[in-house]
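The values are calculated or read from the model by the stated rules, or taken from the named source; none is laboratory data. This is a predicted model, so every value here is computed, not measured. Note that we place each Cβ from the backbone using ideal geometry, even for glycine, and neighbour counts take in every protein chain shown. Keep in mind that these areas ignore ligands, DNA and RNA; they rest on the heavy atoms of the full protein, side chains included. Shrake-Rupley method; radii C 1.70, N 1.55, O 1.52, S 1.80 Å.
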Amino acid sequence: MSEKRYRVKLTQIEREELTSLVNKGQSQARRLRRGRILLMADEAQENGGWKDADIAKALGAQVRTVERTRQKCVEEGLEAALNHTKPNKTRSKVLDGAAEAHLVCLACTEAPDGHERWSMQMLADKLIELEVVETVSRETVRTTLKKMNLSPG
């Protein structure tokens, strides 16, 4: 079995704070579980801390949750390990203002011959054909038009 990469060694004060947090039970369930994970993983205690698999089994958590909590505690500190943070998933906009204006103008025109109205895919293909954008999905076209309360055709 491989050596633990992130070793949690709590100070006496940190251990008392976590024990108090867990015993009160007046916090978010996620925060309480992470507190219990850190208390069990603490290598400064007499038994040297539990193994990740044993902690996960005892608390009904995934081993990966135990590993991530341990890692976050070592790298970012106790508070960071206890608090949940959403990952920053920011994506740049596919259509800027000018491209959105082209899309709106295009959606307001007559549909191509043989079609009653524009489909999202036809609009996406036309934007690429006109070299407004290099690539765009029909879903991006749909959400952009929806945001503007427009429907093609």
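For SER92, the criteria (1) touching a Pro at 6+ places or on another chain (Cβ under 6 Å); (2) at pLDDT below 90 hold in every case but one, which is (1).
Taking region 3-40 as the range and being open to solvent by 100 Å² or more (accessible area, probe 1.4 Å) and out of contact with any Asp or Glu (no Cβ under 8 Å at 6 or more places or on another chain) as the test, the residues that pass are GLU3, ARG5, GLN12, ILE13, GLU16, GLU17, ASN23, LYS24, GLN26, GLN28, ARG30. Those helices (runs of 4 or more DSSP H) of region 78-153 in which at least 3 residues are open to solvent by 50 Å² or more (accessible area, probe 1.4 Å), considering only elements entirely within it, cover 97-107, 120-129, 138-147.
Only one entry in ALA44, ALA58 is within 29 Å of ILE13 (Cβ to Cβ) and not in a helix (DSSP H, G or I), namely ALA44. Taken as a whole, the condition of being open to solvent by less than 90 Å² (accessible area, probe 1.4 Å) and under 30 Å from LEU10 (Cα atoms) applies to VAL66. Scanning region 72-90 for residues that are of a type in the set (Gly, Ala, Ser) and over 30 Å from ARG7 (Cα atoms) turns up nothing.
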